[in-house]
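Peer 1: Mind looking over this structure? Questions follow.
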Amino acid sequence: MTKIKKKQGKLHIRKGDTVKVITGNSKGKTGVILEVFPSKLRAIVEGANIITKHVKPSADNPEGGIEKTEAAIHISNLMLIDSATGEPTRTGRKVNENGRLQRVSKKTGEFINNG
């Protein structure tokens, strides 16, 4: 029996975008996306969803201890912040003047800068 792979669609957020957490324990916090995991539909946001992780002593870290790190959040719980207005917005896609598909702010109708 072969495993059927599901085709991954495009996401409304990218690494480097500023987002707002709209639900969960970190609701209301804003931060920059550090990493995106498209296959899991999750992203790591700077300063949001902080967890404590117990670290065993090793050669690099002989003390070990407890670290606080950011955990991944499902992308449906994140909303992109429009750089022009500073408010959360939904996103769409339109063809720009170069003929390429680019993200568009639904609130203002302006193209979203990539990066």
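Peer 1: What does a probe at residue 37 reach in the stretch 57-84, counting residues whose amide N is under 13 Å from the point 7 Å along Cα→Cβ?
Peer 2: The answer is 70-75.
Peer 1: Ignoring ligands, DNA and RNA, what percent of the 1.4 Å accessible area of the chain is carbon and sulfur?
Peer 2: On the chain, the fraction of accessible area on carbon and sulfur atoms equals 50 percent.
Peer 1: Per-residue HN-Hα couplings for the stretch 64-79, Karplus 6.51 cos²θ - 1.76 cosθ + 1.60 at θ = phi - 60°, whole Hz, x for Gly and Pro?
Peer 2: x, x, 10, 10, 9, 9, 7, 9, 6, 10, 5, 5, 5, 8, 10, 10
Peer 1: If R₀ is 25 angstrom, what is the calculated FRET efficiency for the pair residue 76 and residue 101, using the beta carbon separation as r and rounding to 0.05?
Peer 2: Efficiency at R0 = 25 Å is approximately 0.70.
Peer 1: Then there is this: Straight-line reach from residue 106: which aspartates and glutamates fall under 12 Å, measuring Cα to Cα and dropping same-chain residues less than 8 apart?
Peer 2: Output for residue 106: 82, 87.
Peer 1: Rounded if a/c is under 1.5, else prolate if a/b is larger than b/c, else oblate: which is the stretch 20-79, with a ≥ b ≥ c the root eigenvalues of its Cα gyration tensor?
Peer 2: Taking the square roots of the gyration eigenvalues as a ≥ b ≥ c, the stretch 20-79 is prolate.
Peer 1: While we're here: For the stretch 48-103, what class follows from the C-alpha gyration tensor (a ≥ b ≥ c being the square roots of its eigenvalues): rounded when a/c is under 1.5, otherwise prolate if a/b is larger than b/c, else oblate?
Peer 2: Prolate shape, in that a/c is at least 1.5 and a/b is the bigger ratio.
Peer 1: Once you place label points 7 Å from the Cα toward the Cβ at residue 90 and residue 69, how far apart are they in nm?
Peer 2: Label at residue 90, label at residue 69, 3.6 nm between them.
Peer 1: Ok, one more. Alpha carbon centre of the stretch 1-60 versus the stretch 83-99: separation in Å?
Peer 2: 22 Å
Peer 1: List the longest stretch of the chain that has no exposed loop site; here a site is one of the GluC sites (Glu not before Pro) assigned by DSSP to anything other than H, G, I, E or B, with at most 16 other Cβ within 10 Å.
Peer 2: Maximal segment without exposed cleavage sites: 1-45.
Peer 1: Where only protein heavy atoms count, and the probe is 1.4 Å, what is the accessible area per residue for the chain in Å²?
Peer 2: Each residue of the chain exposes 74 Å² on average to a 1.4 Å probe.
Peer 1: In straight Cα distance, which aspartates and glutamates are under 13 Å from residue 15, not counting same-chain residues fewer than 8 positions off?
Peer 2: 35, 46
Peer 1: Quote the FRET efficiency, to the nearest 0.05, computed for residue 25 versus residue 56 with a Förster distance R0 of 25 Å and r equal to the Cβ-Cβ distance.
Peer 2: Working from the Cβ atoms, E equals 0.45.
Peer 1: Pick out, in residue order, every one of the trypsin sites (Lys or Arg not before Pro) in the stretch 9-87 that is DSSP loop and has at most 10 other C-beta atoms within 10 Å; say none if there are none.
Peer 2: Here the sparse-neighbourhood loop sites are 10, 40.
Peer 1: Along the stretch 34-47, what does the Karplus equation 6.51 cos²θ - 1.76 cosθ + 1.60 (θ = phi - 60°) give for ³J(HN,Hα), rounded to whole Hz, x for Gly and Pro?
Peer 2: 8, 7, 10, 10, x, 5, 9, 6, 10, 9, 9, 10, 4, x
Peer 1: Distances over 23 Å make up what percent of all Cα-Cα pairs in the chain? Intermediate values should be presented prior to the final figure.
Peer 2: Numbers: 2802 of 6555 pairs.
Here the tail beyond 23 Å accounts for 43 percent of pairs.
Peer 1: So between residue 10 and residue 83, what do we pick up on full extension, going 0.36 nm a residue minus the alpha carbon distance?
Peer 2: Result for the pair: 24.2 nm of gain on full extension.
The values are calculated or read from the model by the stated rules, or taken from the named source; none is laboratory data. Small disclaimer: the values here were computed from a predicted structure and weren't measured. Because the Cβ atoms are built from the backbone with ideal geometry, glycine has one as well, and the counts that use them run over all protein chains shown. Surface areas here come from the heavy atoms of the whole protein model, side chains and all, with no ligands, DNA or RNA. Shrake-Rupley method; radii C 1.70, N 1.55, O 1.52, S 1.80 Å.
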